[in-house]
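The values are calculated or read from the model by the stated rules, or taken from the named source; none is laboratory data. Everything quoted here is computed from the prediction, not taken from an experiment. Using ideal geometry, Cβ is built from the backbone for each residue, glycine included, and neighbour counts are taken over all protein chains shown. The area values use the complete protein model at the heavy-atom level, side chains included, leaving out ligands, DNA and RNA. Shrake-Rupley method; radii C 1.70, N 1.55, O 1.52, S 1.80 Å.
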Amino acid sequence: MKKVFVQTFGCQMNVYDTGKIHALLGKDGFESTDSMNDADVIIVNTCSIREKPELKLHSFLGDALKIKRTEDRPVTVAVAGCVAQQEGQKLLNRYRELDLVFGPDAVPRVRELVDAARSDVPRATKQVLDTEFLDLETYAFASELDPGSTGQVGAFVTIQKGCDNKCTFCIVPTTRGPEVSRSSDQILEEVKGLADTGVREITLIGQNVNSYGLKVAGERTFAQLLYAVSDVPGVERIRYTTSHPRDMGPDVIQAYRDLPKLTSHLHLPVQSGSDRVLRRMKRFYNREHYLSLVDQLRDARPDMVLSTDFILGFPGETDEDFEQTMSLLDEVAFESSFSFKYSQRPGTSALRLLKDEVAPDVAQARLVRLQQRQREISIAAHESLSGQTMDVLVEGPSRYDEGVVCGRTSTFKMINFPGTLDLVGKTVPVSVIRGFTNSLRGEWVH
Ligand code: 5AD
Ligand code: SF4
């Protein structure tokens with residue numbers, strides 16, 4: 001049996017695409033392997049959101065191509081994902097032994113592509129490239145293909161691809177193309193299929209989910225989609241990511257009052273607390289608007305937990321701008337956040353602002369200070385949960401301890417507690433004993 005190894009870097013979109021690659025190649029008789037050394041086909045699914053994840057590709061390719069060069073059997077090496085889309089032919093020129101480069105929109109064609117790139121002769125290379133974007137019609141057809149995540153407790157379902165925004169720091173519109181929404185009927189079919197296989201938690205994914213469906217006449221809006229998913233029998237929890245604060249409308253806020261299955265956690269990337277910086281990022285909202293959204297969400301759902309993304313050291317960010325970000329962190333009291341130093345990305349319009357570049361040591365110091373404060377807020381929030389009992393959807397064994405299982409609360413807290421594997425997929429009450437920075441420890445109440 002032929003074996004395929006896929007290494008995934010990056011966001012939930014890539015995790016989803018990797019699932020699809022496994023499912024599609026499985027139809028051609030490929031078995032998935034965890035060991036790159038045994039693989040006949042090695043695929044690296046890449047991320048280019050910042051420079052650091054992009055660099056990972058190059059060290060990975062060094063290892064993969066070494067296997068191709070030294071083994072006596074034919075090994076096919078492919079680069080997929082955002083760096084593939086962005087660099088295309090340049091990658092094939094730089095790595096002459098590389099067999100295949102294909103972008104995110106070519107994932108549905110992966111079987112033909114691997115077939116075209118494979119050779120019966122060890123070390124031979126043909127070099128195949130596919131970086132075409134899908135349009136609406138072909139996307140609808142392509143997304144009918146089965147997802148790769150049946151039979152688990154939680155599953156991702158893509159509702160949209162690409163992004164029409166032009167946040168000045170962001171490369172996603174270049175690598176993932178314009179926003180295209182998938183048909184809601186098809187999404188609901190997929191959700192039903194997943195629920196039938198035992199999936200209990202659905203996470204709807206897209207780059208900007210709140211603008212879902214708006215470009216298609218007669219399509220459900222994102223809020224309507226939430227109500228429809230909530231009606232699917234078997235679905236117990238609904239999450240979604242990623243939201244843009246500008247597009248978070250009153251109808252979605254209302255859904256938090258109406259839909260108990262919609263979980264009490266929202267990831268709402270703010271990027272900066274300074275209006276001046278938000279303008280330069282072309283985010284099209286200000287601090288006041290963001291804070292008003294937070295109030296409305298907490299009003300609709302009193303136990304709502306918020307997390308966010310921050311970029312530090314965006315070109316032109318002054319000490320005062322940074323203090324605005326620090327004060328926003330305190331004012332909202334985000335329970336967790338991802339924070340990044342600004343990273344220059346090819347072709348993005350923020351490059352024009354680079355005359356105001358923030359010195360790397362200043363950006364680093366701001367990152368450290370923000371992360372330190374975030375840790376304090378997270379620990380305090382988690383410690384204050386001690387003694388509370390929360391419903392936990394059990395996901396599987398704990399990574400560290402035997403006889404311990406882990407799951408998540410509706411507020412997306414990871415909690416570990418002593419329990420057996422027959423609890424997996426069930427929702428059980430767990431009392432919190434201790435809070436840490438990123439997780440909780442608890443005890444099953446029964
Ligand atoms: N530099 C730093 N962080 C970035 N992000 C996106 N582009 C960049 C960049 N050029 C961050 C944003 C986004 C998250 C997914 O990655 O905070 O919300
Ligand atoms: Fe990038 Fe902005 Fe689109 Fe998010 S909304 S993917 S940050 S351009």
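Residues that are in contact with a helix residue (DSSP H, G or I) (Cβ under 7 Å, 6 or more places away or on another chain), more than 16 Å from ligand 2 (Cβ to nearest atom) and within 15 Å of Gly19 (Cβ to Cβ) within segment 150-190 comprise Thr150, Ala155, Phe156, Val157, listed in sequence order. Only residues that are away from ligand 1 (no atom under 11 Å from the Cβ), in contact with a strand residue (DSSP E or B) (Cβ under 7 Å, 6 or more places away or on another chain), outside any strand (DSSP E or B) and not β-branched (Val, Ile, Thr) were counted in segment 158-176, giving 2. Is there a residue being closer than 18 Å to Phe334 by Cβ and part of a loop (DSSP other than H, G, I, E, B) anywhere in segment 219-234? No: zero hits.
When the test is whether a residue is at pLDDT below 95 and open to solvent by less than 30 Å² (accessible area, probe 1.4 Å), Met1 does not pass it.
For segment 261-278, name all the residues that are assigned to a loop (DSSP other than H, G, I, E, B) and either more than 17 Å from Leu204 (Cβ to Cβ) or within 16 Å of ligand 1 (Cβ to nearest atom) (or both).
Taking segment 261-278 as the starting set, the residues that turn out to be assigned to a loop (DSSP other than H, G, I, E, B) are 261, 263-264, 268-270, 272-274.
Residues satisfying the conditions are Leu268, Pro269, Val270, Ser272, Gly273, Ser274.
Under the condition of being within 17 Å of Val445 (Cβ to Cβ) and either crowded, with 20+ Cβ neighbours inside 10 Å or without any contact (Cβ under 8 Å) to a residue 24 or more places away in the chain (or both), the residues counted in segment 391-421 number 16.
Here is a list: Gln254, Gln186. Which entry is at pLDDT 95 or above and surrounded by fewer than 19 Cβ atoms within 10 Å (Cβ to Cβ)?
It is Gln254.
Within segment 238-249, is even one residue at pLDDT 95 or above, farther than 22 Å from Pro178 by Cβ and buried (at least 17 other Cβ atoms within 10 Å of the Cβ)? There is at least one residue in segment 238-249 that is at pLDDT 95 or above, farther than 22 Å from Pro178 by Cβ and buried (at least 17 other Cβ atoms within 10 Å of the Cβ).
Right, Val77: assigned to a strand (DSSP E or B), at pLDDT 95 or above and in the same structural domain as Arg118 (by TED's automatic domain parsing) or not?
In short, yes.
Listed conditions (1) of a type in the set (A, V, I, L, M, F, W, C); (2) in the same structural domain as Ser378 (by TED's automatic domain parsing); (3) free of Cβ contacts under 8 Å to residues at least 60 places away in the same chain; (4) crowded, with 19+ Cβ neighbours inside 10 Å are all met by Met281, apart from (3).
What about Leu225, is it modelled with pLDDT of 95 or more and touching a Ser or Thr at 6+ places or on another chain (Cβ under 7 Å)? Yes; evaluated as a whole, the condition is true for this residue.
Surrounded by fewer than 16 Cβ atoms within 10 Å (Cβ to Cβ), touching a strand residue (DSSP E or B) at 6+ places or on another chain (Cβ under 9 Å) and among the charged types (D, E, K, R): is that true of Lys215 in this structure? Against the criterion (surrounded by fewer than 16 Cβ atoms within 10 Å (Cβ to Cβ), touching a strand residue (DSSP E or B) at 6+ places or on another chain (Cβ under 9 Å) and among the charged types (D, E, K, R)), Lys215 qualifies. If you go through segment 320-348 one residue at a time, how many are within 16 Å of ligand 2 (Cβ to nearest atom) and open to solvent by 40 Å² or more (accessible area, probe 1.4 Å)? Residues meeting the conditions: 6. Within segment 37-76, the residues that satisfy the criterion of being among the small types (Gly, Ala, Ser) and open to solvent by less than 10 Å² (accessible area, probe 1.4 Å) are Ala39, Ser48, Ala64. Within segment 262-289, the residues that satisfy the criterion of being of a type in the set (Ser, Thr, Tyr) and within 30 Å of Asp391 (Cα to Cα) are Thr263, Ser264. Among the candidates Val79, Val107, the residue that is open to solvent by less than 10 Å² (accessible area, probe 1.4 Å), among the β-branched types (Val, Ile, Thr) and touching a residue at least 60 places away in the same chain (Cβ under 8 Å) is uniquely Val107.
What are the residues in segment 218-237 that are open to solvent by 10 Å² or more (accessible area, probe 1.4 Å) and within 20 Å of the chain's Cα centre (by Cα), if any?
If the condition is that a residue be open to solvent by 10 Å² or more (accessible area, probe 1.4 Å) and within 20 Å of the chain's Cα centre (by Cα), then Arg237 is the only one that fits.
Can you tell me how many residues within segment 264-281 are farther than 17 Å from Ser307 by Cα and touching a helix residue (DSSP H, G or I) at 6+ places or on another chain (Cβ under 8 Å)? Within segment 264-281, residues that are farther than 17 Å from Ser307 by Cα and touching a helix residue (DSSP H, G or I) at 6+ places or on another chain (Cβ under 8 Å) number 7.
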